[in-house]
């Protein structure tokens, strides 16, 4: 979704991520796209409609399956349960 925006000449002011199924859009935006000139000034917001459905996974899943380095947890970029 993020990668195709320039091809579509679509530059939103805000990307709304709704619930845990789309939460990683904000993460990937910050890690992979946020520094590119086209994406600068695009903001993200995360909306939760029901806190009971969180889609929680351990750090090892995020690192192994999704390619998100555990260092991002240690640096404070991502927080899980206040850790």
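Worth a mention:
- Count - residues of region 49-60 that are under 15 Å from the mean Cα position of the chain (by Cα) and either within 14 Å of residue 18 (Cβ to Cβ) or in a helix (DSSP H, G or I) (or both): 3
- Scan of region 1-35 for residues that are touching a helix residue (DSSP H, G or I) at 6+ places or on another chain (Cβ under 9 Å), surrounded by 10 or more Cβ atoms within 10 Å (Cβ to Cβ) and outside any helix (DSSP H, G or I), ordered by number: 2, 5, 6, 11, 15, 16, 17
- Identity of the residue in region 20-46, at pLDDT below 90 and in contact with a strand residue (DSSP E or B) (Cβ under 7 Å, 6 or more places away or on another chain), that ends up farthest from residue 1 (Cα to Cα): 46
- Filtered residue count, region 37-46, keeping only those that are loosely packed, with under 10 Cβ neighbours inside 10 Å and either in contact with a helix residue (DSSP H, G or I) (Cβ under 9 Å, 6 or more places away or on another chain) or in a helix (DSSP H, G or I) (or both): 1
The values are calculated or read from the model by the stated rules, or taken from the named source; none is laboratory data. Since this is a predicted model, take the numbers as computed values, not measurements. Reconstructed Cβ throughout: ideal geometry from the backbone, glycine too, with neighbour counts over all protein chains shown.
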